[in-house]
1. Take the residues of region 59-91 that are among the β-branched types (Val, Ile, Thr) and not in a loop (DSSP other than H, G, I, E, B): which is farthest from GLU41 (Cα to Cα)?
2. In region 62-77, what count of residues is obtained for those that are touching a strand residue (DSSP E or B) at 6+ places or on another chain (Cβ under 8 Å) and either β-branched (Val, Ile, Thr) or within 16 Å of TYR88 (Cα to Cα) (or both)?
3. Within region 92-108, is there a residue that is exposed (fewer than 10 other Cβ atoms within 10 Å of the Cβ) and assigned to a helix (DSSP H, G or I)?
4. Could you please let me know if VAL17 is at pLDDT below 75, of a type in the set (A, V, I, L, M), in a helix (DSSP H, G or I) and surrounded by 10 or more Cβ atoms within 10 Å (Cβ to Cβ)?
5. When you go through (1) modelled with pLDDT of 75 or more; (2) under 20 Å from the mean Cα position of the chain (by Cα) one by one for THR30, which number turns out not to apply?
Amino acid sequence: MDKTVFISLPIEDLQTVIIDCVNSCLKNNTQESKTPTEQPEQLLTIQEAAQFLNLTVPTIYSKVSKGELPVMKRSKRLYFSSVELMEYLKEGRKKSNAEIEQEANAYLSNNRKGLK
């Protein structure tokens, strides 16, 4: 159990203690928020890459032989960068209708000058 102690302090000293505690907490909080949230790049084996992409190992071999997947080869082993695999997945993202319309409007506004 915590022990509670009551002491008599002048109000100025109490304010100083509280301010010091708050500043200490704020300093610790900003140091924690500066830690990177990104995961460091990891090298994955073919089994781990298959699990990461939710594909079978033979499908991974097929995509590697077609040059569809970014891969590193060392002797007879294949290694995959988790960052590059995430980028590969993001490349397959389809744009929404709103994004396509926005790009079309931007293209037309930039190229209407040549139509006149």
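1. THR59
2. Residues that pass the stated criteria total 5.
3. Looking for residues that are exposed (fewer than 10 other Cβ atoms within 10 Å of the Cβ) and assigned to a helix (DSSP H, G or I), one finds at least one in region 92-108, hence yes.
4. So VAL17 passes the test.
5. (1)
The values are calculated or read from the model by the stated rules, or taken from the named source; none is laboratory data. What you see is a predicted model, and the numbers here were worked out from it, not measured in a lab. Glycine gets a Cβ as well: all are built from the backbone with ideal geometry, and neighbour counts include every protein chain shown.
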